[in-house]
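No lab work stands behind these numbers, since they all come straight from the coordinates. Source: prediction; values computed, not measured. A quick note on method: Cβ atoms are made from the backbone with ideal geometry, for glycine too, and the neighbour counts reach across all protein chains shown.
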Amino acid sequence: MRDKITVIGSLNYDIVLKIPRLPECGETLPADDAAFSPGGKGANQAVQAAKLGVPVHMVGCVGTDGHGEVLLEAARKYGVDTAHVRRCKEPTGMGIINAMKDGSVFACIVRGANFAVTKEDIDGAKQILKESFLVILQMEIPQEINRYAIEKAKEAGCRVLLNAAPAEEIPLDYLKMCDIIVLNEVEAGFYLKTDVKNEEDARKGAALLAETCGADIIITLGKAGAVVSEDGKVTFIPSRRVEAIETTGAGDSFIGGVGYALQIGRSLTDACKFAACCSAVTVCRLGAQDSMPFLEEVMELEAE
Ligand code: RIB
């Protein structure tokens with residue numbers, strides 16, 4: 001049975017700064033608090049799916065430094081198989097996350113080892129692709145490697161979910177190879193070349209992208225909810241009302257949740273309802289992977 005998910009993507013060592021506001025140019029602003037946490041969109045998505053009980057393989061690169069060790073240990077602790085994460089001479093990728101009091105975040109990444117992923121790394125994962133029903137990718141490894149990975153995943157018969165984040169110009173034929181494309185409102189605005197600020201913008205944008213790319217589309221809108229276009233039918237998924245502490249990894253939690261729900265046979269639209277419960281739990285705690293819920297917590301929230 002093909003019940004696995006393979007995540008091909010980034011692993012980052014995140015430094016999360018709790019700040020009262022963004023500093024002015026030339027100003028040194030004391031942070032209220034700081035925390036280190038395992039992150040990277042790829043690793044976060046892998047960890048969320050694994051915490052929900054899916055067998056997950058991660059393909060990527062970390063450095064031979066201490067940060068790389070921390071990230072591998074964290075992913076393994078939550079059940080992710082890291083046999084295809086290569087240690088390389090480049091330093092481990094980093095995320096610098098400025099987290100505001102209302103939970104919103106301003107983030108930068110240092111690519112580091114994530115940009116050392118090669119076609120050989122993808123070839124090395126050939127067997128696990130054959131065992132996977134879903135391959136999840138983001139845009140934190142080189143675009144040409146992502147493209148190669150998508151081609152190999154399709155050849156192996158996998159469904160492909162691309163989280164096209166961070167946003168960058170992508171050739172249309174590349175997007176057309178994907179089955180599901182996930183964006184937040186900022187990324188959707190980039191690809192659509194227009195503001196995506198509310199449910200109506202997201203509905204229109206999802207319909208347009210679905211038609212252009214021939215894929216199912218999910219646009220997440222933070223606390224406002226999400227819009228999903230599945231087989232051309234557009235549905236709004238409201239978010240769960242919670243007191244957000246910090247939102248790093250909320251989108252990744254959503255994607256890991258979608259992966260789990262698809263694995264148990266739910267439709268994509270229904271999977272998004274489950275995923276909204278995953279991210280609702282994640283935003284109530286600090287950091288990305290450690291704050292993501294296990295299955296029981298999500299099921300309890302979904303039943304409410
Ligand atoms: O999506 C959140 C993640 O984006 C962070 O963990 C950071 O490392 C960046 O990859």
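In the chain, the calculated helix contribution to ellipticity at 222 nm averages -11000 deg cm²/dmol per residue, counting -39,500 (n - 2.57) for every DSSP H run with n ≥ 4. The order of Val110, Val196, going from fewest to most other C-beta atoms within 10 Å of their C-beta, is Val110, Val196. Computed over the chain with a Gaussian network model linking Cα atoms closer than 10 Å, the most mobile of Ala206, Ala107, Ala49 is Ala107. Normalised by 2.2 N^0.38 Å, with N the number of residues, the alpha-carbon radius of gyration of region 162-202 equals 1.15. Calculated on C-alpha atoms, the gyration radius of region 173-304 divided by its Kirkwood radius gives an Rg/Rh of 0.96.
From the mean inverse distance of alpha carbon pairs (Kirkwood) and the Cα radius of gyration, derive Rg over Rh for region 1-148. Don't skip to the answer; put the middle values down first.
Working: Rg = 16.3 Å, Rh = 15.9 Å.
My calculation puts Rg/Rh at 1.03.
Take every Cα pair under 8 Å whose residues are at least 6 apart in sequence, average their separation, divide by the length of the chain, and the relative contact order is 18 percent. Among Leu29, Leu134, the order by Cβ neighbours within 10 angstrom, fewest to most, reads Leu29, Leu134. When Ser279, Ser104, Ser291 are arranged by Cβ crowding within 10 Å, least crowded first, meaning fewest neighbours, the order is Ser104, Ser291, Ser279.
Computed 3J(HN,Hα) for region 101-114, one whole-Hz value per residue from the Karplus formula 6.51 cos²θ - 1.76 cosθ + 1.60 where θ = phi - 60°, is 4, 7, x, 6, 10, 10, 10, 10, 10, 10, 5, x, 4, 4, glycine and proline marked x.
Using only Cα positions of the chain, each an equal point scatterer, no hydration layer, compute I(q)/I(0) via Debye at q = 0.14 Å⁻¹ and quote the log10 values to two decimals. Listed by q, the Debye log ratios stand at -1.01.
In terms of its C-alpha gyration tensor, region 109-190 comes out oblate, because a/c is 1.5 or above while a/b does not outweigh b/c. Measure up Lys4/Lys51; Lys4/Lys41; Lys51/Lys152 against 24 Å on the Cα-Cα distance and list the ones that go over. As for pairs spanning more than 24 Å Cα to Cα, those are Lys51/Lys152. Mind running the shape call on region 37-121? Use the C-alpha gyration tensor, a ≥ b ≥ c as the square roots of the eigenvalues: rounded below 1.5 for a/c, prolate if a/b tops b/c, oblate otherwise. It comes out oblate by the Cα gyration axes.
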